[in-house]
């Protein structure tokens, strides 16, 4: 019973830290110490350490040997690598969905949510954008693939949050490209679905250049 409670506490603290990272309360390159986490959340140091290590395993925090954990800065090269890795998974997924002419209900709902909140242009648009892709991958029916993809999208959430904090996030073009992918799936056009997905992911990195802050907004408009 004590072990279950300890695990529950670790998960709760990790969830709060994760939320703080995604909404920008914990800024890029911010240090996250066991002492601060323990004090802020009223937990023991071992619990704080376990929560931090959980986020390190999710790549939402990074820690060198004998160094304090910190919020990583996701740069252009990271975005490029993330999108390339996502493409390996998502192209197979959309091709399969198109063969079945199947748009998952949760995917359609995520798209509808994005359309509803687009006028706000605030950080709340990140979740439906992410969920659009996550729900398609989940519909593939592989728990291992879903777990791997969730890790990738955790980093993608962090990247998008950091982009939003630099510039106002615009989801209009994202929504339009999502619609093109869905239309190909509904029409049973596997090649078209893959093509639109690859274009969508390629556009996210096409104009990224090192040390150019303006490209953060460009990436999110793709």
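Taken together, the values in this text are just the output of simple stated rules run on the coordinates, not laboratory data. Since the model is a prediction, treat every value here as computed from it, not as a measurement. We place every Cβ from the backbone using ideal geometry, glycine too, and count neighbours over all the protein chains shown.
Things worth noting here:
- Pairs of Cα atoms nearer than 8 Å and 6+ residues apart set the relative contact order; for the stretch 6-148 it is 19 percent.
- Compared with the alpha-carbon gap, the fully stretched path from residue 65 to residue 16 is longer by 15.2 nm at 0.36 nm per residue.
- Spin-label model distance (nm) - residue 118 vs residue 53, 7 Å beyond Cα toward Cβ: 4.6
- Rounded if a/c under 1.5, otherwise prolate or oblate - the stretch 2-70, Cα gyration tensor axes: prolate
- Shown for 189, 77: other C-beta atoms within 10 Å of each C-beta, ranked fewest to most, produce the order 77, 189.
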